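Structure, as structure tokens:
The values are calculated or read from the model by the stated rules, or taken from the named source; none is laboratory data. This structure is a prediction, so every number in the text was calculated from the model and none was measured. Using ideal geometry, Cβ is built from the backbone for each residue, glycine included, and neighbour counts are taken over all protein chains shown.
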Amino acid sequence: MNNLEFTAIVAIGSILAGLLGSLTGLGGGVVIVPLLTLGFDVDLRYAIGSALVSVIATSSGAAIAYVREGYSNIRVGMFLEVATTFGAVTGALIAASAPTRAIAILFGLVLLASTYLSNQPHQTQAVNLSVDPLAVRLKMDSSYPTPEGEQSYHVQHIPGGFAVMLVAGVLSGLLGIGSGALKVLAMDRVMQLPFKVSTTTSNFMIGVTAAASAGIYFSRGYINPGLCMPVLLGILVGAWCGAKVLVRAKVTTLRFIFSIVLLGIGIQMIYNGITGRI
């Protein structure tokens, strides 16, 4: 395979990753890292460096559209970025010395756990919850557009969401996945935000989280411009398409895509980590 063919295939895979990342709030890294490491034998740390760049591109490509449409909760996103940015720097420092096999296995376990949690039923509907005094003080309660008109919601359990975001930040810097999976679950399950608000706010946040850890990867030489270029361009195209699709997509469909992708990639990464193929 010559350089042109390699670049074209990576770009096509990146378009699909950007589409998926935009629709589910994953950020595309969960597809890019396995694609590069398992499909093209790229060193895991270089794959993570490229994934972080792709995460920034996904956030840039989709977040503007979501904010304009009124889905993203800016106050929630900016507040939680304090936790994820600190965690991302910590995770990137750990990744420099951690064995690649251990990182691959952890990658898979995180995705499997995310798959399980994303399929647990809600105890209550997010639109019928009581008012949280802390959310009122921070002015986090908001509304989002639905076919029936604007639907208001109340943010819940802010300290718990902040703690989960700290862990999400560490995993972002360590695994290069933008921690979108955990961010969506934290906002959807812990803070009880509507699912579309969770995914769009995650897209708004992941760029800042990834940028914090990408700087450390760049300083250590793990970001290759020739590899990042097709990844970044493909992710931007896919993210733009995903932003158009999300407005009309059904929540049940998004959850199904979210779960299937996490399950398949999680099993594959654990297997290859255990067998030493990464």
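Here are the numbers for the structure shown:
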read-out	value
Answer residue from the range 34-89, given it is aromatic (Phe, Trp, Tyr) and touching a residue at least 60 places away in the same chain (Cβ under 8 Å) and is farthest from ALA8 (Cα to Cα) among those	PHE79
The range 240-259 - residue that is aliphatic (A, V, I, L, M) and at pLDDT below 75 and, of those, surrounded by the most Cβ atoms within 10 Å (Cβ to Cβ)	ALA243
First in the range 165-179 and within 10 Å of VAL110 (Cβ to Cβ), second anywhere and assigned to a loop (DSSP other than H, G, I, E, B) and at pLDDT 80 or above, Cβ under 8 Å, 6 or more apart	LEU174/ALA98
Test for PHE195: is it more than 11 Å from the chain's Cα centre (by Cα), of a type in the set (A, V, I, L, M, F, W, C) and at pLDDT 85 or above	no
Counted residues, the range 59-84 - those being surrounded by fewer than 22 Cβ atoms within 10 Å (Cβ to Cβ) and part of a helix (DSSP H, G or I)	13
Among (1) over 27 Å from ALA98 (Cα atoms); (2) at pLDDT 85 or above; (3) not in a helix (DSSP H, G or I) - the single one MET1 does not satisfy	(2)
Flag for VAL164 being out of contact with any Lys or Arg (no Cβ under 7 Å at 6 or more places or on another chain), over 24 Å from VAL67 (Cα atoms) and modelled with pLDDT under 90	no
The range 220-254, residues that are without any contact (Cβ under 8 Å) to a residue 12 or more places away in the chain and farther than 24 Å from VAL10 by Cα	ARG248, LYS250, THR252, THR253
Per-region count, the range 27-57, residues under 23 Å from ALA243 (Cα atoms) and either acidic (Asp, Glu) or assigned to a loop (DSSP other than H, G, I, E, B) (or both)	2
Residues being outside any helix (DSSP H, G or I) and either among the charged types (D, E, K, R) or farther than 18 Å from VAL31 by Cβ (or both) - total across the range 174-227	9
